[in-house]
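Below: the structure, in structure tokens.
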Amino acid sequence: MLIAVWLPSATRGQQIVSVDIDTASCMSDSIHVSIGYNADREVVVRNLLSRLSVGETAFLPDGEPCNGTCFYRSTVTFEGFPDSSHVRTVQDINFIRINIEHSYIGDIYMGIVCPSGQRASLMNWKGTGSSSCTGSVPAAYRSWNSGNNVSSDTYLGNAYDFTSYINDCDSTSSGNEPGTGWNYCWSDNTVNGYSYASGDGIIYRSGHAHGGRIDSSNVAAHTNFYRPNQSFSALVGCPVNGNWSIEVVDAYGGDNGYVFSWEVSLNDELIPAGGVMTQRLVEGDNVTQENDSTYWLHGPTGIDVDTTMGYIVRVLGSSGDTIDSTFSVHWFSAKRTNINDTLCAGDTARWGAMAFLTDTMITEHGTTVDGCDSIVEVRYTFLPTYDTVDTLRYCRWSEFLYEGIDFGGPIDFDSPHMASNGCDSMVHVSLLMIDSAFLPHILLGDDGNSWSSDTVLLGCVPYRIYLRDTTELEAWRTWTVSSGEWAFDTTAAQWDLLLDTARIYSITLKAGSVNGCEDSVTLQDAVWVFENPTAAFDWEIKVPAIHDSRTTFKNLSEPNGLSYLWTINTFGGGQDTTSETNPSYKWGEPNENTAGKYGVQLEAFWLHQGPDTLVKVCADTAWDTVTIVNDFLEFPNLVTPNGDGVNDRWEVVNLVEIGLFPVNELWIYNQWGVRVFHARDIRTHEDFWDPNATDSPDGTYYFRFSALSDYGLVRRNGTIEVLRN
């Protein structure tokens, strides 16, 4: 077949060269290659070197400087232009393409930088809001043109919009997954027939958003291109050779995006024509040359499967330039197919119109669909079938298994069976029973008089149980009472056993019949022995007061895992109950006179789930009294120090009686403001003011009192009348 190969030059571009070649053949054949071209024709340069792209997935952080920068920058380098080549007009820049996804296009700035550092803005940052990356956008490229507003849901591509990031700079963090990028192209060049999106080609007008997303460009059809925010005239004068960079900044928080690739396309007329072709070659494995433009490609050796091999067409120019292109040839191998089919006696094998009943060998020669030699070898082998009897004997309570299936008891049946050679056979099966009456049977109890075979025994350590064997046709027996690594054994017909460890015990009776069968029965988890509980408790506020008669009980019962029942005498004379482990309880309402003594009882026990209900096991009880005191302090306004033993001292009522305010201080002044008494941390009645002891005459006095306790700070001021008669 005749194919046209475009051969790119390292410095010049490409020339169209004709190559006469078959791209598929059998390995046993050779392919003739003829390279045709005009030896005097100059190399025709087109735009392969004037169009460079970068494919990479780059994360755009959400308004955060990551690794010290807010910029995404990527560079392509042109090297094949003459050093004097410069951008002459905006038509010398065909287009700039970026494959990107981002929500809220107003948050980002995108620009192009040429080798001299000259910039043009593809799309300005909208200029609203701020972030740590706002200052990275060049001042000239902030804010859109008047009237060019967008709605907040206008996106680029299919953006993955997620605003609760775990790490703004880590693209692998949850919420930073990439969406799907779309292509967007910018151009001032209409000479090549580019069609601007939505007429005026401004990317960021809301009227041009479709379903919340800006149209992407059809690069091949040159449609839906956009005008750059700043004309490419800003790049006129840029050298063509050197680094061309795209830069993107996410200047505002709230979302992120990804750049997947970008491309810059320059006018191919910037690349001059030149050079003359002087020689052509074909390079690859098993290639021989017939003359300057004719070659033979020979099929690979040592390979017995289809394979594809690559070759290079290389054309040399008079200036030493090399123009290369590649093509591939698919080599088809000769096919040898072996078919082995195993059949059973009585079957019929067929090959085409032929039928066979016995072992047969067939060999056929032909060609494959690719035209290569092939051999098909078919071998038929016939295997015998069987008819046999299989008798198996079982004890009464064993599994009557045949081929992994339990038939549940004695039975005769015919079983279609596949023999080891794979042929269908017939087996006449008999499953027989050795002993039909033998069955181990257990009775148990905890008093030696009451017996049962279906009960669960519950008790506290030490706990004595009684076991009894009532098996018929029995020749021998072994009892085992076990719990984990604990086990007890005996061979007696009746057995009593004292269990002094809190555990769950299972009982197994293994017995042998007079006819030689062995069987066993197990009562799983038949005995539950619990540790004896010890009920005990305390409470946090040892002496509750009537202003807040609340306390929290601390359960000190042992061991762990118990259930509880609290019974608390109430203020009204009744009883309250609760099953909480550490309940809080309040007698009466705040400031209600609940002073008195209240009995509290705690019952600790184990709960066992029986067949129908919960059963209480091994209970213990603790009892104590909670005393509630009157914590209201009273300040009398009269004292009569006449020596009759009544009201001779001025006292703060309930301060000493309840002892709830151990940190306190008392000052007493006469009517001229002179302090006549001072006491700190009063503990007894004798610590209060006796006017006789301070030689204080009858009259009016003033007191100041303060006290501190767990109940708070108390401060009180007032007057005291001293009256002796």
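Values quoted throughout were computed directly from the atomic coordinates according to the rules given, and no laboratory measurement underlies them. This one's a predicted model, so the numbers in the text were calculated from it and none came from an experiment. Cβ atoms come from the backbone with ideal geometry, glycine included; neighbour counts cover every protein chain shown.
So how much slack lies between residue 291 and residue 304, counting 0.36 nm per residue of separation and subtracting their Cα-Cα distance, in nm?
Numbers: separation 13, 0.36 × 13 = 4.68 nm, distance 3.08 nm.
Roughly 1.6 nm would be gained on extension.
Which FRET efficiency, nearest 0.05, do residue 514 and residue 390 yield, Cβ-Cβ r, R0 30 Å?
Working: r = 28 Å, r/R0 = 0.93.
It comes to 0.60.
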Query raised in the report: Hey, rough spin-label estimate for residue 451 and residue 403, points 7 angstrom out along Cα→Cβ, what's it come to in nanometres?
Result: 4.6 nm
Report summary line: Counted neighbours (other Cβ, 10 Å), sorted fewest up, put 505, 702 in the order 702, 505
**Report entry** Dipole of the chain, positive end: most advanced residue of 507, 90, 532 [Cβ charges, Cα centre]
**Finding:** 90
Query - Relative contact order %, region 442-530, counting alpha carbon pairs below 8 Å whose residues are six or more apart - result: 32 percent
Query raised in the report: Based on Cβ point charges of +1 for Lys and Arg and -1 for Asp and Glu, what charge dipole magnitude is obtained for the chain about its Cα centre, in debye rounded to the nearest 20?
Result: 2860 debye
Query raised in the report: How high is the relative contact order of the chain, in percent, counting Cα pairs under 8 Å that sit 6 or more residues apart?
Result: 9 percent
Query raised in the report: Once Lys and Arg get +1 and Asp and Glu get -1 on their Cβ, which of 71, 242, 120 lies farthest toward the positive end of the dipole of region 51-270?
Result: 120
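Treating only the Cβ of Lys, Arg, Asp and Glu as charged (+1, +1, -1, -1), what charge dipole size does region 638-722 show about its Cα centre? Round to the nearest 20 debye. Present the calculation step by step, with values, prior to reporting the outcome.
Numbers: 7 positive and 13 negative charges, 87 e Å.
The dipole magnitude comes to about 420 debye.
Compute the relative contact order of region 307-399 as a whole-number percentage, counting only Cα pairs closer than 8 Å that sit 6 or more residues apart in sequence.
Details: 136 pairs, mean separation 23.7, N = 93.
Answer for region 307-399 is 25 percent.
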Query raised in the report: Regarding region 585-725, what are the three Cα extents along the principal axes, ordered largest first, in Å?
Result: 85, 31, 23
Report summary line: Final fewest-first order of 27, 354, 309, 110 on the 10 Å Cβ neighbour count is 354, 309, 27, 110
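So how do 447, 92 line up by other beta-carbon neighbours within 10 Å, fewest first?
Values: 447 9, 92 20.
Final ranking by Cβ density, sparse to dense: 447, 92.
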Report task. Work out the FRET efficiency for residue 413 and residue 579 from their Cβ-Cβ distance, taking R0 = 60 Å, and round it to the nearest 0.05. Result -> 0.50
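For n ≥ 4 DSSP H runs only, could you compute -39500 (n - 2.57) per run for the chain, divide by its residues and tell me the 222 nm figure to the nearest 500? Before the final figure, lay out the partial values.
Details: 1 runs with 4 residues, N = 725.
Helix-only estimate at 222 nm: 0 deg cm²/dmol.
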Report summary line: Unpartnered Cys in the chain, judged by a 4.7 Å Cβ-Cβ cut-off, are 185
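Nearest 5 percent is fine: what portion of the DSSP beta bridges confined to the chain is antiparallel? Display every interim value, and only then the final one.
Working: 193 of 225 bridges.
Roughly 85 percent of the beta bridges in the chain run antiparallel, per DSSP.
Could you pull out the GluC sites (Glu not before Pro) across region 439-493 that fall in loop regions by DSSP (anything but H, G, I, E, B) with no more than 14 other Cβ atoms inside 10 Å?
Values: sites: 472, 474, 485; in loops: 472, 485.
Hits after loop and neighbour filter: 472, 485.
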Requested in this report: Positive end of the charge dipole of region 591-725 (Lys, Arg +1 and Asp, Glu -1 on Cβ, about the Cα centre): tell me which of 606, 718, 673 has its Cα farthest that way.
Outcome: 673
Query - Calculated log₁₀ intensity ratio I(q)/I(0) where the Debye formula runs over C-alpha points of the chain, q = 0.11 Å⁻¹ - result: -1.16
Query raised in the report: Quick one: length gained pulling residue 719 to residue 663 fully straight, 0.36 nm per residue minus the C-alpha distance?
Result: 17.9 nm
**Report entry** Neighbour-limited loop hits for trypsin sites (Lys or Arg not before Pro), region 69-102 (at most 14 other Cβ within 10 Å; DSSP other than H, G, I, E, B)
**Finding:** 88
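Taking R0 as 30 Å, what's the FRET efficiency between residue 364 and residue 32 from their Cβ-Cβ distance, rounded to 0.05?
Between residue 364 and residue 32 the formula returns 0.40.
Only sites in a loop by DSSP and with at most 16 other Cβ atoms within 10 Å count here; which chymotrypsin sites (Phe, Trp or Tyr not before Pro) in region 584-632 make the cut? The partial results should precede the final answer.
Values: sites: 585, 587, 598, 605, 606, 623, 632; in loops: 587, 632.
Here the sparse-neighbourhood loop sites are 632.
So what are region 51-270's ellipsoid semi-axes, whole angstrom, largest first, if each one is the square root of 5 times an eigenvalue of the alpha-carbon gyration tensor? The partial results should precede the final answer.
On the way: eigenvalues 151, 76, 50 Å².
Taking √(5λ) for each eigenvalue gives 27, 20, 16 Å, largest first.
Rg(Cα) of region 335-383 divided by 2.2 N^0.38 Å?
Working: Rg = 12.5 Å, N = 49, 2.2 N^0.38 = 9.7 Å.
In units of the 2.2 N^0.38 Å rule of thumb, it is 1.29.
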Query raised in the report: For region 650-670, list residues with backbone N below 13 Å from a point placed 7 Å from the Cα of residue 681 toward its Cβ?
Result: 662-665
Query raised in the report: How long is the gain from residue 436 to residue 500 if the chain were fully straight, where each residue apart is worth 0.36 nm and the alpha carbon distance is subtracted?
Result: 19.1 nm
